[in-house]
Every structure is written in C-alpha cells, then in structure tokens.
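In what follows, a structure is listed as structure tokens, so that the remarks can point back to it.
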Amino acid sequence: MNGIFHLRGRVKHYDWGGTIFIPGLLGIENPEKQPFAEYWMGTHHLGVSDVEISEGHYQPLPEITGTIEYLFKAQEVKQMLSIQVHPLKNPLNLNSPGRIKKGYRLMRQTAIIKTIITNRN
C-alpha cells in the first residue's frame with residue numbers, strides 16, 4: 001500500500017471527558033452531551049484503529065503495519081485527573097526500540113514516567 005489513507009480511531013467515553021472538542025474534531029454531533037474523553041489512534045489492543053483501504057472498506061491497522069506499538073491520544077478533560085503510570089511488561093528489557101527515549105526516566109524499575117522539565121522563570 002502506498003499513499004495516504006484515512007485512519008479511523010476509537011473514542012473512549014469516560015465520565016471525566018468533555019462534550020465539545022472531540023466531537024468537533026471528528027465532525028460529529030453530540031446532542032445528548034455524552035462524554036468524549038479520549039480519541040485513540042494506533043495499535044493498542046483496547047482501541048485498534050482501522051485504515052480505509054477503499055471507499056467504505058476498512059482493515060485493522062495492525063494487519064497493515066505489523067506489530068509496531070504506538071498509541072496517539074487526543075483528550076478533552078472536563079475535570080482534574082491523577083497522574084497515570086503504566087507498568088512495563090518486561091522491566092529488564094528497557095533498551096528495546098522505542099522504549100527509552102530522551103526525557104524519560106526509570107522509576108523503581110517498574111514504570112517509565114515522562115519527566116517534563118520546564119524553565120518557569
């Protein structure tokens with residue numbers, strides 16, 4: 001497959017989500033004000049995206065890309081959230097491609113937490 005294709009992600013409806021941004025991003029109405037917390041695009045098993053291979057015909061993204069692991073999220077948050085920590089499946093395999101990047105640090109050898117350092121002056 002060559003070219004640019006339409007990627008259809010998955011909406012996650014959590015109570016803390018907003019009602020305007022993600023529906024607007026997707027160009028859909030939300031008259032019932034259902035919470036749209038996250039829009040996932042990627043290969044995560046809980047929200048696999050689909051690729052439109054021809055008009056109206058979709059194929060799961062992992063069938064095209066293989067086993068690459070990535071997840072992009074657009075979020076609309078209407079109330080404060082706690083910090084999320086995602087444990088590593090295999091904390092001993094920290095040098096696998098894409099696992100350790102600049103700006104990340106290992107904490108207690110169980111999770112990688114993105115460390116954001118900003119100059120507040």
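The values are calculated or read from the model by the stated rules, or taken from the named source; none is laboratory data. Here the structure is a predicted model, which is why all the values come from computation and not from measurement. Backbone-built Cβ (ideal geometry, glycine too); neighbour counts: all protein chains shown.
Worth pointing out:
- Any hit, segment 3-15, residues being of a type in the set (V, I, T) and in a strand (DSSP E or B): yes
- Residue selected from segment 27-61 under the condition among the polar types (S, T, N, Q), closer than 19 Å to Q75 by Cβ and without any contact (Cβ under 8 Å) to a residue 40 or more places away in the chain, by the criterion surrounded by the fewest Cβ atoms within 10 Å (Cβ to Cβ): Q34
- In the set (1) surrounded by 15 or more Cβ atoms within 10 Å (Cβ to Cβ); (2) at pLDDT below 90, the condition left unmet by I22 is number (2).
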